[in-house]
1. In region 46-227, what percent of the accessible surface is made up of carbon and sulfur (1.4 Å probe, ligands and nucleic acids excluded)?
2. Between L377 and L342, what length in nm is gained on full extension when 0.36 nm per residue of separation is reduced by their alpha carbon distance?
3. Taking region 46-227 as the region of interest, what is the percent of Cα-Cα pairs per 5 angstrom bin, listed from the shortest bin to the one with the maximum distance?
4. Please enumerate, by chain and number, the lysines with C-alpha under 18 Å from the C-alpha of K378, excluding those fewer than 8 residues away in the same chain.
5. Mind checking the dipole of region 375-437: about its Cα centre, +1 per Lys or Arg Cβ, -1 per Asp or Glu Cβ, Debye to the nearest 20?
6. Could you work out how much longer the chain between F426 and K82 gets when fully extended? Use 0.36 nm per residue separation minus the Cα distance between them, nm to one decimal.
7. For A452 and I119, FRET efficiency with R0 = 41 Å and r from the beta-carbon atoms, rounded to 0.05?
8. Subtract the Cα-Cα distance of A202 and K285 from 0.36 nm times their separation in residues, and report this length gain in nm to one decimal.
Amino acid sequence: MSDREEREPLITPALPANRSGGYGTGENARDAMSKFVVNNVAGESGRKLPQYIAGLAASGGALAAGTFLGWTAPTDKPLTEKGEYGFPISDEAFSWIGSISNLGAAMMCFPIGYMMKVIGRKWSMLSMVLPLVLGWLLIIFAENVAMMMVGRFFLGVGGGAFCVAAPTYTAEIAQPSIRGTLGTFFQLMVTVGILFVYAVGAGVDVQVLSIICGVIPLAFGVIFFFMPESPYYFVEKGRYSEASSSLKWLRGAQYDEAAEIEDLKQADEKVKAEAIPMLVAFRQKATIRALIISLGLMLFQQLSGINAVIFYNSAIFASANGGNEMSSASIIVGGIQVMATLLASAVVDKVGRRILLLVSDFMMAVSTIMLAVYFQLKQDDPSKVDDLSWLAVLAVCLFIAMFSIGYGPVPWLMVGELFANNVKTFASPIAGVFNWLLAFLVTKVFTNLKDAMGEAGVFWLFSGISLLGTVFVFVMVPETKGKSLNDIQRLLAGEKLSTEQNGTEAREDEREPPIA
């Protein structure tokens with residue numbers, strides 16, 4: 001299949017977010033840090049440039065993750081039809097090569113949170129260079145399908161870990177006034193990584209493409225080695241002098257960090273004081289509803305048809321081009337993803353999460369209905385679609401844009417907002433594991449589904465699922481824009497908030513929306 005694993009996380013990731021994707025231990029830190037009142041409340045003293053540099057350096061891991069997500073699109077036909085590696089790779093084998101990385105990513109959702117607490121955010125990310133490089137080496141020198149599968153699994157381990165660690169680090173090093181901007185770097189760099197692979201893959205063979213992709217995590221490791229550790233991690237460990245040095249690096253040598261360190265201490269003490277056992281947390285109405293909403297959003301994200309649309313984009317673009325393959329098809333799709341993700345980052349705090357989800361899912365349903373009709377007509381009589389190829393191309397572009405602006409990034413953002421601080425450590429990773437496992441399932445069985453139902457049947461199915469997802473959002477998902485975490489927990493518990501109460505509590509909390 002073409003790009004059997006491009007999803008979201010992508011897109012998760014990442015408004016994690018993608019504000020893009022966070023799940024895991026770092027969420028506690030992020031939300032706790034949102035309460036800071038730094039030295040100069042009015043002007044927020046300290047230099048911003050070092051924070052942008054560190055944020056961009058951390059997002060190099062997102063670029064590396066994006067390359068492994070997009071790798072399957074330009075390598076499908078060279079491997080399965082042209083036999084570039086000298087050994088046969090069937091469609092079934094390639095479906096395993098494409099999907100097994102999702103299992104590696106799912107496996108890391110819980111361990112990476114533990115690693116960040118033990119060895120720190122910086123060294124957790126640097127340690128992921130090893131599985132990424134090992135994965136690319138196995139693919140570069142693969143002599144059989146098994147080596148490729150193991151390599152892809154290691155890429156999933158490293159890329160999945162970055163989907164957790166990089167947004168956490170970025171949020172913890174940033175001052176509140178630029179935390180939202182730095183939070184957009186992760187998801188943007190994931191889509192840039194995907195677009196990069198599409199563009200380079202159009203001009204080089206699979207082995208050369210893999211070599212180029214393998215250089216990216218090495219470059220990330222060299223650059224990120226010189227970045228500071230998160231000051232929040234040092235405070236967690238009681239290493240206050242090192243926290244001071246980290247803040248001096250991030251805010252400038254003239255910055256008076258004493259007040260911020262004191263706020264960090266208070267935030268850390270609050271998180272530890274509010275910690276509760278997992279079984280107790282899942283007896284709370286707000287937590288149960290948050291989990292239902294989060295898992296529902298992940299379910300409809302993965303069953304929206306994103307993989308089918310990505311898979312068929314080359315065939316549809318070729319049809320519109322008189323039957324000739326268009327090497328630019330994937331590049332166009334990647335460019336749409338980048339632009340739509342930029343737009344989502346700009347409007348999500350103005351328009352609202354719920355509206356974006358509703359519009360996104362409904363328009364994805366319309367797009368897949370258009371594709372279902374196209375393939376149904378083509379199945380009945382190919383001559384009927386000779387003059388309708390433009391409609392199929394429009395449907396693909398519309399679907400990709402709508403997914404990238406809503407159902408791609410927003411579910412990850414909302415995972416960071418729906419769970420209370422004291423349950424995120426174990427609740428958020430559940431959503432992450434569920435998402436990656438669904439991604440594996442969908443990418444693995446898609447070929448079988450297509451064979452059983454036909455192209456038109458598959459797209460009719462996806463359109464129905466997207467319409468159900470729209471209803472789910474309308475009935476179950478609350479609007480979290482502009483609300484404090486306390487407001488959100490009260491809404492999930494069934495309380496009604498007046499506009500005046502909401503505004504007052506939001507001002508008292510004075511936090512940015514968590515960068516999920």
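The values are calculated or read from the model by the stated rules, or taken from the named source; none is laboratory data. Quick caveat: nothing in here was measured; it's all calculated off a predicted structure. Cβ atoms come from the backbone with ideal geometry, glycine included; neighbour counts cover every protein chain shown. Each accessible area value is taken on the protein alone, full model and side chains, heavy atoms only, with ligands, DNA and RNA left out. Shrake-Rupley method; radii C 1.70, N 1.55, O 1.52, S 1.80 Å.
1. 74 percent
2. 9.1 nm
3. Reading the bins upward from 0: 1, 9, 17, 21, 19, 13, 9, 6, 3, 1, 0, 0.
4. The qualifying lysines are K450.
5. On the way: 3 positive and 5 negative charges, 69 e Å.
In total the dipole reaches around 340 debye.
6. Result: 119.3 nm gained on full extension.
7. The computed FRET efficiency comes out at 0.30.
8. On the way: separation 83, 0.36 × 83 = 29.88 nm, distance 5.10 nm.
That pair, A202 and K285, stretches by 24.8 nm at full extension.
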